Amino acid sequence: MKAAFQNNLLNILNNQWQGMDMNFGRLQGYVPMEKNIVYFRRGNDELSLNITNACPNACVFCIRDYDLGWGVSNLYMDRDPDIKEILGAFDQEAQWISEEGTSIKRVKICGYGEPILRFNDLASIVTHVKKKCPKTTIQLTTTRWPYFRFISQDTAPLRELKAAGLDIIYLSLHALDEEQYKRLVRPGITTYDTNAFSDSLRFARATREAGFQLKLGFIRVGAVDELGIKALAAELDAEYELREFEK
Ligand code: SF4
């Protein structure tokens, strides 16, 4: 009788679990006070670096609107960490991981915000990570904003990042045309970014010219034209990922 009760309970929980989001921190009502510059999302061989909370967009699916972070990580920082703090946090976590006998397969430079806003720090971060962990793949996850506005009109700075050791650019695109982009990503500084979607495509081409592996990111919100995504990815010589909306 007791075993049957337990099995029933497990079934109920499992069924509930299927329909619920996978964010343990929110689910358990537990989010630590300590703010995380480095966090794990998909396993202990993959680190993410939270280098900024600033973002010029207001995506309709943004996790920041309803949670403090992924899993049990608290990603809302009081201020953006300086470069010394970022590298120090990475070194400490890398040390713990290597003491456990695990090697870091991938480092993602991202943020609870848009990491390209800290473009001037990116090469130093990449160089440092590559020096410490030469076999690690390094990815920048970005919407590319505001590359063409404030950083450069050409690919030279991107080539410098490539030379520093950045391997992959994950371009969070989410849309197949300007209207859809404005509706889903809602680029905030509209007077500067009226061509947000076409600028994203321009950036995608620039990353390929600079020699990066390119991955396009989409989130499934409402009806999704997966054939259109596939065609665009093929045209840009990129891979793509269509993720479920996790809430
Ligand atoms: S770009 Fe990222 S951080 Fe910024 S609003 Fe969109 S999902 Fe949120």
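None of the figures in this text is laboratory data; all of them are computed from the coordinates on show. Just so it is clear, the structure is predicted and the values come from calculations on it, not from any experiment. We place every Cβ from the backbone using ideal geometry, glycine too, and count neighbours over all the protein chains shown.
Remarks
- Contact order, relative form, for the range 94-247: 20 percent (alpha carbon pairs under 8 Å, 6 or more residues apart, mean separation divided by residue count).
- Between R220 and N195, the modelled labels are 3.4 nm apart [label points 7 Å from Cα along Cα→Cβ].
- Taking θ as phi - 60° and the Karplus parameters 6.51, -1.76 and 1.60, the scalar couplings of the range 164-181 work out to 6, x, 5, 9, 10, 10, 9, 8, 6, 9, 6, 8, 10, 7, 4, 5, 5, 4 Hz in sequence order, x denoting glycine and proline.
- Once both labels are positioned 7 Å from their Cα atoms along Cα-to-Cβ, the gap between F150 and D65 label points is 2.4 nm.
- Span from the the range 106-135 Cα centroid across to the the range 152-173 one, whole angstrom: 11
- Modelled label positions at A58 and D91, each set 7 Å beyond Cα in the direction of Cβ, lie 4.1 nm from each other.
- The stretch between D237 and K131, if pulled fully straight at 0.36 nm per residue, gains 35.3 nm over its current Cα-Cα span.
- In this structure the amide hydrogen of N74, modeled in the peptide plane, comes within under 5 Å of the amide hydrogens of N36, none closer than 5 places in sequence on its chain.
- Placing +1 on the Cβ of every Lys and Arg and -1 on the Cβ of every Asp and Glu, with no other charges, gives the range 33-244 a dipole of roughly 280 debye about its Cα centre.
- Reachable lysines, given that their alpha-carbon falls under 23 Å from the alpha-carbon of K162 and they are not under 8 places away in the same chain: K84, K105, K108, K130, K131, K132, K135, K215
- Residues whose placed amide H lies under 5 Å from that of N57, excluding near-sequence neighbours: G188
- Residues with amide H under 5 Å from that of I109, placed H, sequence gap 5 or more: L49, Q139, L140, T141
- Listed peptides 83-92, 164-173, 113-122 by packing density, highest first (mean Cβ within 10 Å): 164-173, 113-122, 83-92
- Only beta bridges with both residues in the range 33-244 are counted; by DSSP, about 10 percent of them are antiparallel.
- Computed E for E160/R205 - FRET, C-beta separation, R0 22 angstrom, nearest 0.05: 0.80
- Phi-derived couplings, Karplus 6.51 cos²θ - 1.76 cosθ + 1.60 at θ = phi - 60°, listed residue by residue for the range 77-90: 8, 6, 7, 5, x, 7, 4, 5, 5, 5, 5, x, 5, 5 Hz, with x used for Gly and Pro.
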